[in-house]
Amino acid sequence: RKIKKTVEGTEKGRHCFQHNGQTVYEWEQNLEEVNIWIKPPAGVTAQHLDIEIAHMHVRIGIKGNPPFLSQNTGGEVVVDESMWSIQDGEININLQKMRKAEMWLSALEGHGELDPMTKQVRNPVRRNTPHRSERSSEPQ
């Protein structure tokens with residue numbers, strides 16, 4: 001039985017990040033963790049992979065090559081409790097949240113954000129916009 005991939009991901013609850021019409025990864029979160037799933041090229045095993053999970057960064061690649069992904073995470077990670085595995089032809093990266101119950105807007109920064117009300121992915125938002133309006137109510 002073949003599963004049709006959708007923008008929502010291959011399984012209920014997964015979100016899908018695509019680039020140029022290709023699925024890069026799928027992800028989901030709960031109160032304690034974020035899971036990222038990646039389909040590696042055919043024949044790739046755990047011994048081929050070079051994966052590093054840091055406090056606010058993830059790097060994923062094949063040994064001896066530039067990383068496939070090297071991005072900041074959507075929140076802080078407990079490195080010692082996070083892990084990765086490859087099973088049934090999918091890489092699963094499990095990131096344990098430093099701040100439990102904090103909803104991440106995206107698994108990886110710059111890869112679209114969830115609308116907090118609908119929990120659906122929306123277009124990437126510029127992060128360098130000022131938080132305050134140009135007019136200030138503070139006395140000068």
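Worth a mention:
- Odd one out for Glu109 among (1) modelled with pLDDT of 95 or more; (2) surrounded by 12 or more Cβ atoms within 10 Å (Cβ to Cβ): (1)
- For the range 10-61, a residue qualifies if it is aliphatic (A, V, I, L, M) and open to solvent by 60 Å² or more (accessible area, probe 1.4 Å), and the qualifying residues are Leu31, Ala42, Met56.
- The range 45-75, residues that are out of contact with any Gly (no Cβ under 9 Å at 6 or more places or on another chain), within 20 Å of Phe17 (Cβ to Cβ) and outside any strand (DSSP E or B): Ala54, Pro66, Gly74, Gly75
- Tally of residues being of a type in the set (D, E, K, R) and within 15 Å of Asn35 (Cβ to Cβ) across the range 67-99: 4
- Where a residue in the range 27-38 is part of a loop (DSSP other than H, G, I, E, B) and its partner, wherever it lies, is modelled with pLDDT under 95 and among the acidic types (Asp, Glu), with Cβ under 9 Å and at least six apart: Leu31/Glu102
The values are calculated or read from the model by the stated rules, or taken from the named source; none is laboratory data. Only a predicted model underlies this, so the values are computations on that prediction, with no experimental measurement involved. No Cβ is skipped: glycine too gets one built from the backbone with ideal geometry, and neighbour counts run over all protein chains shown. All accessible areas refer to the heavy atoms of the entire protein, side chains included, with ligands and DNA or RNA removed. Shrake-Rupley method; radii C 1.70, N 1.55, O 1.52, S 1.80 Å.
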